[in-house]
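To start, the structure under review is shown below, and the notes come after it.
FYI, it's all coordinate maths here, none of it is from the lab. Note that the coordinates shown come from a computational prediction; the quantities given were computed from them, not determined experimentally. Because the Cβ atoms are built from the backbone with ideal geometry, glycine has one as well, and the counts that use them run over all protein chains shown.
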Amino acid sequence: MQAMAEMPRYESHKKVWALKIKKVLKDDWGIGIQFEDPQFSNRVFTNDQLKNRPVPEEGMYLVQYEDGYISFSPGKQFEEGYTRVN
């Protein structure tokens, strides 16, 4: 058996937009997301839009990258990797 080498390590330097998810409502068509910050309206995603993405859960973050791509990140990992800027 060969020992595996350590994978290359990366440091995040991206600027993203993100909202912490307060509640996720699921039905046969997709999901609705309510955010902790009440000034932002709910978002709806169809099952087709969620293909090949992690299923969002309460406490995760909806993350939008500069190119418009949207992803969902676990809360702890997001908070450890990003600092809010204003």
Per the rule of 0.36 nm per residue minus the C-alpha distance, extending residue 17 to residue 85 adds in nm 23.5 nm
The rounded separation in angstrom of the Cα centers of the stretch 1-58 and the stretch 65-86 is 9
Filtering chymotrypsin sites (Phe, Trp or Tyr not before Pro) in the stretch 1-73 by DSSP loop and by at most 10 other Cβ atoms within 10 Å leaves 10, 69
Two pseudo-spin positions, 7 Å from Cα along C-beta at residue 57 and at residue 25, lie apart in nanometres by 2.1
Here, trypsin sites (Lys or Arg not before Pro) of the stretch 1-54 satisfying both criteria (DSSP loop; at most 15 other Cβ within 10 Å) are 9, 14, 15, 51
As a Kirkwood estimate from alpha-carbon pairs, the stretch 17-81 has a hydrodynamic radius in angstrom of 12.1
Taking Cα pairs closer than 8 Å and at least 6 residues apart, the relative contact order of the chain in percent is 26
For the pair residue 70 and residue 42, the simple spin-label estimate (label points 7 Å beyond Cα toward Cβ) gives in nm 1.4
